[in-house]
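**Student:** If you scroll down you'll find the structure; I have some questions about it.
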Amino acid sequence: MGTVTIGVSIAVPEPHGSLLQERRAGFGDAAAHGIPTHVTLLPPTEVEAAGLPAVEAHLTRVAAAGRPFPMRLSGTGTFRPLSPVVYVRVVEGAGACTWLQQRIRDASGPLARELQFPYHPHVTVAHGIDEAAMDRAFAELAGFDAEWPCTGFAFYEQGSDGVWRKLREYPFGGSVVPPQGSHLQRGTIASR
């Protein structure tokens, strides 16, 4: 059966996901349209295709232990010069993302792996493009703000065409979303 490349992430909901994907493409990031806007929980990982049922059972258990939490994105950051990435910051929900990714990569599970860099939840908006375009992404999205109740995560597979496709969604076991202000599902890019 061979191997497949998979990933696990929290999708950034509409209209924010499409807006950030279009902006990423507009900055010249050729990979933008093949990567749904997301917060990574498991980076691209190669697994045996025959092991996918065990992976799905593991993700079901992780999701069952999870509880909905508020997510908020605001402002920009960068991993430069260490890595050529500009991102939108996760300012609320980062602790829950960290907890989830640790459970997903648990040493006793089918997705145990080390990370190339320490885990830092974020939404990539520019990767591997020229410095001027990276600077533009950093400046133009500095006023971006969006929040929503995160109620689960999704499992993706990367096709031979490089496009990431959702295989399955995993809702959390808890049903109560912590209260957030009256500004649920809002998103803006403020001009500076």
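Just so you know, all these numbers are worked out from the coordinates, no wet-lab data involved. Remember, predicted model here, so these are calculated numbers, not experimental data. Note that each Cβ is placed from the backbone with ideal geometry, even for glycine, and that neighbours are counted across all protein chains shown.
**Student:** Which whole-Hz couplings ³J(HN,Hα) result when phi for each residue of segment 134-140 is put into the Karplus expression 6.51 cos²θ - 1.76 cosθ + 1.60, θ = phi - 60°, listed in order with x for Gly and Pro?
**Tutor:** So the J values, rounded to whole Hz, are 4, 4, 5, 4, 4, 6, 6.
**Student:** Please get the size of the charge dipole for the chain, origin at its Cα centre, with Cβ charges of +1 on Lys and Arg and -1 on Asp and Glu, quoted in debye to the nearest 20.
**Tutor:** With Lys and Arg at +1 and Asp and Glu at -1, about 440 debye.
**Student:** Quick one: order Ile35, Ile10 by neighbouring beta-carbon count within 10 Å, fewest to most.
**Tutor:** In order of increasing Cβ crowding within 10 Å: Ile35, Ile10.
**Student:** Rounded if a/c is under 1.5, else prolate if a/b is larger than b/c, else oblate: which is the chain, with a ≥ b ≥ c the root eigenvalues of its Cα gyration tensor?
**Tutor:** The shape class here is oblate.
**Student:** Follow-up question, since we're still on this one. In whole Hz, what ³J(HN,Hα) sequence does segment 46-60 give by Karplus (6.51, -1.76, 1.60; θ = phi - 60°), x for Gly and Pro?
**Tutor:** Once rounded to whole Hz, the list reads 8, 9, 5, 4, 5, x, 4, x, 5, 4, 5, 5, 4, 5, 4.
**Student:** How much length, in nm to one decimal, is gained on full extension between Thr98 and Ala64, taken as 0.36 nm per residue of separation minus their Cα-Cα distance?
**Tutor:** 10.6 nm
**Student:** Which whole-Hz ³J(HN,Hα) couplings does segment 29-37 yield from phi under the Karplus relation 6.51 cos²θ - 1.76 cosθ + 1.60, θ = phi - 60°, glycine and proline marked x?
**Tutor:** Result, ordered by residue: 7, 4, 7, 3, 6, x, 10, x, 5 Hz.
**Student:** Taking the Cβ of each residue in Tyr119, Tyr87 as the centre, tally the other Cβ atoms inside 10 Å and list the residues starting with the fewest.
**Tutor:** Tyr119, Tyr87
**Student:** Could I ask something else about it? Can you tell me how much longer the chain between Arg113 and Asp135 gets when fully stretched, taken as 0.36 nm per residue apart minus their C-alpha distance, in nm with one decimal?
**Tutor:** Here the segment from Arg113 to Asp135 would lengthen by 4.7 nm.
**Student:** Run the Debye formula on the Cα coordinates of segment 34-75, all scatterers equal and no solvent, and tell me log10 I(q)/I(0) at q = 0.22 1/Å.
**Tutor:** Taken in order of the listed q values, log10 I(q)/I(0) reads -1.02.
**Student:** For segment 142-167 and segment 25-90, what is the separation of their Cα centres, given in Å?
**Tutor:** 6 Å
**Student:** Let me ask something additional. Under the definition of Cα pairs under 8 Å and six or more residues apart, what whole-number percent is the relative contact order of the chain?
**Tutor:** Contact order relative to length: 30 percent.
**Student:** Quick check on the chain: helices-only [θ] at 222 nm, where DSSP H runs of length 4 and up contribute -39,500 (n - 2.57) each and the sum goes over total residues. Nearest 500, please.
**Tutor:** Helices in the chain give a 222 nm mean residue ellipticity of -7500 deg cm²/dmol.
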